[in-house]
Amino acid sequence: MRHRLAILALPVLAMTLLVAAAPAQAGDEAPREYRVKAAFVQRFLEFVAWTNEHITPDGPMRIGVVGDSPMEAALQDLTGDPGVGRELLLCSADELAENGYGVVYVAATIDGLPRNEHPVWNDLHDLSSGILTIGEDPGFHLSGGVINFFAQGDRLRFSVSERAATGAGLKISSKLMRLALIVD
Amino acid sequence: MLTMRLSIIMAMMTLAVASVTFGQDTQAFHELSLEELLDVQVFSSAKQSVPMSEVPAAVYVITADDIRRFGFPNVPEALRTVPGVNVARIDALSYAVTIRGYNGRFSNKLLVMIDGRSIYSALFSGVLWDVGVPMAEIDRIEVIRGPGSTLWGANAVNGIINIITKTVRDTDGGLVDVQMGRLLEASVMARYGEYKDDGPSFRVYGQFQQLASTEGLDGADLNGGGDIGVGGARLEWYGEESVSRFEVIGNHNRGGYLDLYPDSFEPPYVKEATETSEIESVAMMYAVEKNKSDHSGFKLSIHAEANRMDQPIFGVNIRRFGLDWSRHLKTGRHAVVWGCGYKLDEIDYLPTFAVATTTESSQNWRLDTFFQDALTVLPKRLTLTLGAKIEYGSLGDFGFQPNLRAMWTPHDQHTVWASVARSLRSPCVLNVDVEITNRVIPPGALGPQSPTARLRLVGNPDFVSEKLWANELGYRHMPVPWFAVDVAAYYNRYDDLSSMKKPIMTPMYLATPPHLAIDTSFSNGAESETWGGEVALDLRPSSWWRLRSTYSLLRAKEELVNTDADERLQMRAMTSPEHQISVLASFDIGAAVGMDAAWRYVDKLERIDASAYSELDFHLRWRVLADLTVSAAGLNLLGEGHNEYHSDEIIARRRSVIPRHFRTGLRWEF
């Protein structure tokens, strides 16, 4: 018995040591929620087609983050990765506007203001054609957003507005629609 | 053996250290497919149970991710990880499971539900754990320690285990899962479903498990083991605000249940159940849930069920019909829930020498109604919940079960809650109608010239509900997003607790053969106090690494208040361990490889002479292709085997050794 207890002490000790080493790691990366969201975003690109003929299906894609969100850091981690199917070019919302197409992730708040009260959102909204807008607040589809994240239990789900997608000149594949909650 | 243990531990440590050094797993998620991303548990443990964490109760949730990670083959194995829950495997097929004391194969102070349908047996108010639901079907298992009788049904005395299955939306496509190993010799599970948002979605599934017999303490083959088959089909309709579901589930178990029982007045007076036992059931259920926004909605479920149990020791046919309806509404500071339920059980007995009944069949019904109001006194800071349930039925007395709970959140990181509740365990058929012959005593065994004697436990129609006043206090703290602690303490006071009367001897001169009847029967002659607590720690130092640990304490003080109660025959709380500790460690190495270890210590079971033990399970999972995962598990690695439980006090059973065993598996999702 004594013998066995001694052996048991080993894994406990090992865990304790690991725990002691842990906190240094903890703060370095974007929160799990945003790393999963970033992974979703790069997967979405496989299932969204831009009706604009200038855009090739596997060329680099410009992507911008608007508002107060750790999303930029999470996407940054993906940009340099050769494993990502489509090259992501992180850029500012202004650059995107000039370019005319791409992906914008819109945080729930921008400079501390609710998203839809901030002028940047309105600017974006005006030239929504060619831009895949992805958001995270409950009213996102109402103001024309294409894909919206929401929490269900401990998982992330997403909804797609077909009307907004068509309006933005995007064609969303049936596979993505199958997994999404469809709004209007 | 020692070297093997050591090498496993060393391998674990090496891998863990290796991943500390090289584990930049920021790339992990993007290798997952969309379907897999939808299955990733995103929010931390305190947040993951958002609706549950707002409940002022001791709650623990086993997620689909935990089930996948640890490869639990059935629900009781998964419950081993939960604080306050004691799981003892009796043999290959049977388990004893309880929360906060009073464990037994027929433990009766627990409410177990699958999707809101209670699965306790009308016979003994307990659960036959060998009948179940395939693990791959389960979305989560919510375990609530302490009484929840206000909102949940009868028997929610010591706790509630709520098994919630996945919706068809969550399981679009196909799955084949095959496992092979030593104790669980084979397990094959297949599922296929199609989800549509504009029409009926469906899923069909089936699972077959074959279990080898365990051995006795002396190494003898106990002729146990058997197979468990389950199959089902489900239809779901999704409306704008509603989900409707129709489901049919069938179960068929066949195997050796290792009962020792008397079957005649002839020598050798005791028989070992070598014949095969069979349990079959078919259940049909229709449920609809409608939610108008978050503020208002209702749930309705109707189910019908037929069970056939054919065992050497006893047989029974049970038909059950149940209906439950509830409505919830939020207005201003009030969140109100009310509803009612009805249950009807029709039972036909197939009596044997060992288990006879006073009637050929019986019909029992129960009606309940409940109301609860959660009042927000200070938004986000203080909530008071007041509720009550009223129960009335053909077997029980009139039951009033009030509950008062308070939850105080002085700071976003700290939550304190307290609860006082009364709860009842209503009498079951076993308490009232059944006559069990425990033993036939050979002539001469009680003294010179003593006749053959028959020891019986006889049902008592005057038996009333067992009652509990439960006092609980809890505290949750999440100082940083990657660390959470959950503490709960309880003081339970049971009254009218089941006891056994002192035996009465009656000479049966006219019976064939003439014998001495020694009869005891149930009475409400005991009282007890149990107290203790649980601590659960959850640490996620990094996204690829999670550590969880729990500790559970149980103490009891019991006394017999009726002078006719027999001390020696008394059921005891301490058929559960005083101390239990568990440590779970989960590691991801990249997106493809997962490694999980579970260590547990279970204290001795004083009342039934089972020794303390500690064990280690190890599970390794490797996603070879996007849709193909292989896994391997080693269970009970710290010894050749150990005994976890002796036998129920009513039906004797051979002591089994739960051996060290291994399992390999293959899972294909398409």
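The values are calculated or read from the model by the stated rules, or taken from the named source; none is laboratory data. Since this is a predicted model, take the numbers as computed values, not measurements. Counting neighbours? That spans all protein chains shown, and the Cβs are built from the backbone with ideal geometry, glycine included. We work out accessible area using only protein heavy atoms, side chains counted, and drop any ligands, DNA or RNA first. Shrake-Rupley method; radii C 1.70, N 1.55, O 1.52, S 1.80 Å.
Assorted remarks:
- Across every direction, the projection of the convex hull enclosing the Cα atoms of the range A:28-183 has a mean area of 8.9 nm².
- Shown are B:Leu638, B:Leu404, whose ranking by accessible area with a 1.4 Å probe and every protein chain present, most to least, is B:Leu404, B:Leu638.
- Hydrodynamic radius (Kirkwood) for chain B, which is based on Cα pairs only, to one decimal in Å: 26.2 Å
- For the range A:28-183, share of DSSP beta bridges that run antiparallel, in % to the nearest 5: 40 percent
- Antiparallel DSSP beta bridges within the protein assembly as shown, as percent of all bridges there, nearest 5: 90 percent
- Relative packing of peptides B:86-94, B:596-604 - highest average C-beta neighbours within 10 Å first: B:86-94, B:596-604
- Cα-based helix-to-principal-axis angle, B:2-22 vs chain B, degrees rounded to 10: 30 degrees
- Segments B:103-110, B:433-440 sorted - mean Cβ within 10 Å per residue, highest first: B:103-110, B:433-440
- Among A:Ser174, A:Asn52, A:Gly64 the positive-end extreme of the charge dipole of the range A:28-183 (Cβ point charges): A:Ser174
- Amide H partners (placed H, <5 Å) of A:Val103, local residues excluded: A:Arg62, A:Ile63, A:Gly64, A:Leu132
- 10 Å beta-carbon shell around B:Gly229, net charge (K/R +1, D/E -1): -1
- Mean projection of the Cα convex hull over all viewing directions, computed for the range B:575-665: 7.3 nm².
- With a cut-off of 15 Å between beta carbons, the residues surrounding A:Pro114 carry a summed charge of -4, where Lys and Arg count +1 and Asp and Glu -1.
- Average Cα contact separation per residue, the range B:573-670, under 8 Å, 6 or more apart, as relative contact order %: 21 percent
- Hydrodynamic analysis of the protein assembly as shown uses the Kirkwood radius over alpha carbon pairs. Inserted into Stokes-Einstein at 4 °C and 1.567 mPa s, it gives a translational diffusion coefficient of 44 µm²/s.
- Alpha-carbon gyration tensor eigenvalues x 5, square-rooted, for the range B:400-509, Å: 51, 17, 10
- Residues of the range B:455-499 falling in the label zone of B:Thr359, defined by backbone nitrogen less than 17 Å from a point 7 Å along Cα to beta-carbon, are B:459-464.
- Value of relative contact order over chain B, rounded to a whole percent, pairs C-alpha under 8 Å and six or more apart: 12 percent
- Where labels lie 7 Å past Cα in the beta-carbon direction, separation of B:Asn317 and B:Val561 in nm: 4.2 nm
- Look at the alpha carbon pairs under 8 Å that are at least 6 residues apart: their mean separation over the length of the range A:28-183 gives a relative contact order of 22 percent.
- Of all DSSP-defined beta bridges confined to chain B, some 95% are antiparallel rather than parallel.
- Net charge of the neighbourhood of A:Asp68, taken over other residues with C-beta under 13 Å away and scored Lys/Arg +1, Asp/Glu -1, is -3.
- Magnitude of the charge dipole for the range A:28-183, about its Cα centre and with charges confined to Cβ atoms of Lys, Arg (+1) and Asp, Glu (-1), is about 820 debye.
- Compactness of the range B:169-274 as Cα Rg over 2.2 N^0.38 Å, two decimals: 1.63
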